[in-house]
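Read the structure below first, then the notes.
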Amino acid sequence: MKVYFLSSTPCALSLNGAYFGLVDGFERFAEVSLNDGVFAQFFPQNGLPIGCFLTQELRFTPPEGFEIYLLPDGIAVYARDFPPHDFTLQTIDQKRSDDTLVTLFCQGELQLSIESGTTFSVARLPRAFANANIRFYGNFIALETDTKLALYTKSGKCVFCENVLSHAVENDELNAVVLLSDSLGRIAECRYALKENECERTAITLKQARAENGETDEQKIAESLLPFAFFESVLLGADYTAMLSNALAEKADAIRSFLGEFVAVVPTRSANICGLVKKKKERLFEVTHYTVEIQDGKIADIRG
């Protein structure tokens, strides 16, 4: 069986004590039998390692610190949370706006504290924000790095966290160029409405940051992005009928039931196949592939 390995931070991976290679947010895989009980261990640069046995139990109970994704052709093991190796208190950034004091600090884990009026909250953060800067956008608190953006409410709720190439906030609206987590160089130009305590995506446009095999035909590139844009629109709750052929548009209301509930869309190496991530339980997900047939620039069929 193919076992894919990913991690929230770059890691050295060993299988049964033998060095396998470096892993990060892009998947690497090995052919592994889940009946052999191979032990996989992830070693980050600035944290303690975590490990798990690759057994059939992964399909039902994710080990602590991991997320497990059941795939059509195997299983993905995502090392997410690593124990800290240093509990020294370090203040990284601190800023105040009116009655709100925000502190980004590390004490074993990277954390964000927000004191606003009579409320106080502390949120755990991914290590990718270890060098972030704090900014204020109206009622929202932003953590910004060169490649990531997170928005928090004053009550400590995270309403946005993405890899971004660029972003701008103006008139209660966030515009961001989001880098999709795939190897094909696809990006999403997104617009979000910043409400009192919510960040609601209102528009998304998919683009090919770099063309495959030197492709320059804009029509072909647009068609290659159509399946992903369609599934993202279904997830968002946006109107997707303009993407459908006349015959399929008549069945538009039944499409949501056909696809079922899903929490994310992942691209694949085939432009007309997308994976829908469906949550089975805490830290356990199943990725179901759906194939889209395109005719005359419209979606004419969807197969699961």
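Numbers below:
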read-out: Distance histogram for the chain (every C-alpha pair counted, 20 angstrom bins, percent rounded to whole numbers); value: 28, 56, 15, 0
read-out: Accessible area (Å², 1.4 Å probe, nearest 10) - M243; value: 40
read-out: Rounded Å value of the spacing that divides the Cα centres of segment 225-304 and segment 76-130; value: 36
read-out: Total lysine pairs whose alpha carbons fall under 15 Å of each other in the chain (8 or more apart, or interchain); value: 6
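The values are calculated or read from the model by the stated rules, or taken from the named source; none is laboratory data. Nothing here was measured: the structure is a model prediction, and the numbers come from that model. For the accessible areas, the whole protein counts, side chains as well, though only heavy atoms, and no ligand, DNA or RNA atoms are used. Shrake-Rupley method; radii C 1.70, N 1.55, O 1.52, S 1.80 Å.
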